[in-house]
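This report refers to the structure that appears directly beneath it.
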Amino acid sequence: MPDPSPDARRSAPAVARNREPIAAQLLQLLPASGLVLEIASGTGEHAVYFARKMPHIIWQPSDPSPEARASIAAWTAAERLANVRPPLALDAAAADWPVGKVDAVVCVNMIHISPWEATEGLMRGAGARLPPDGVLFAYGAFLQDGVPTAPSNVAFDADLKRQDPRFGLRHLHDVAACAAKNGLALARVVEMPSNNLSLVFRKVMAVSPGTGAVP
């Protein structure tokens, strides 16, 4: 069990800026009840904010980092939230995830700050675990064909690649194509503050091992 001490809490400045716009989208998309898996929960600040906003939802945070999981546990304990489960040690790129069927999947600011294999794993794992018409919600900065990239996102992309050549803003069509291979259709793209996007995918097909998505 991660350290629940308040001293383990970490903070990301971007959370205070984007949590309310993201929550407004999730309130429209998530089911009336059920289990929501958050991939790459980071500090845990999103998890506790969304769980408080949506007490009807059971929130399952996860992160591959032990420090992040300690922060998630500490925030959950400090907020006294009964609808947040202990964080899972989950790497999106891994072949096996330590969780079964879920009602929705949420992923905030992971796709551009991880190798492409993490996006492939996100789509594979979500496609295998979501029910028909289940939602995968992904938030972050993306590149789009025919849409000029904001100068701030150009600089952000360059900075990410300096940190790790495997990181960087992904093209929306590449992300959507990866999702489609796993039975997930891009249903909606929502413009968000600070040149970010919310991507809403829905499970439209079953996935047959070895053959990909089938009707």
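Tabulated data
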quantity	calculated
Interchain or long-range residues, amide H under 5 Å from residue 99's placed H	none
5 angstrom amide H check on residue 170, placed H, neighbours 5+ away	143
Tail fraction, Cα-Cα pairs, segment 2-55, threshold 19 Å, whole percent	31 percent
Extension gain from residue 80 to residue 11, taking 0.36 nm per residue of separation minus the Cα-Cα distance	23.1 nm
Gaussian network model of the chain, Cα within-10 Å springs - most flexible of 52, 124, 80	80
Surface per residue (accessible, 1.4 Å probe) for the chain, Å²	46 Å²
Radius, Kirkwood style, for segment 103-160 when every pair of distinct Cα atoms is counted (Å)	13.0 Å
The chain, relative contact order in percent, only Cα pairs under 8 angstrom and at least six apart counted	18 percent
Residue-by-residue Karplus 3J(HN,Hα) for segment 59-70, coefficients 6.51, -1.76, 1.60, Hz, glycine and proline x	9, 10, x, 7, 5, x, 8, x, 5, 5, 5, 5
Residues with amide H under 5 Å from that of residue 90, placed H, sequence gap 5 or more	63
Rounded to the nearest 10 Å², the accessible area of residue 101 at probe 1.4 Å	150 Å²
Estimated 222 nm signal from helices in the chain, with DSSP H stretches of n ≥ 4 weighted -39500 (n - 2.57), rounded to 500	-11000 deg cm²/dmol
Rg to Rh, two decimals, where the chain supplies the alpha carbon set and Rh follows Kirkwood	0.95
Fully extended contour minus Cα-Cα distance, from residue 195 to residue 164, at 0.36 nm per residue	9.0 nm
Rounded to 5, percent antiparallel among DSSP beta bridges of the chain	50 percent
Spin-label model distance (nm) - residue 155 vs residue 56, 7 Å beyond Cα toward Cβ	4.2 nm
Under 16 Å from the Cα of residue 181 - aspartates and glutamates, other chains or at least 8 residues apart	117, 120, 133
Convex hull volume of segment 82-178 per residue (C-alpha atoms, cubic angstrom)	130 Å³
Approximate shape of segment 13-125 as ellipsoid semi-axes (Cα gyration tensor, √5λ), whole Å, largest first	20, 16, 15
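The values are calculated or read from the model by the stated rules, or taken from the named source; none is laboratory data. Since the model is a prediction, treat every value here as computed from it, not as a measurement. Quick reminder, even Gly has a Cβ in these numbers, built from the backbone with ideal geometry, and neighbours come from all protein chains shown. Heads up: the accessible areas ignore ligands, DNA and RNA and are worked out on the full protein's heavy atoms, side chains in. Shrake-Rupley method; radii C 1.70, N 1.55, O 1.52, S 1.80 Å.
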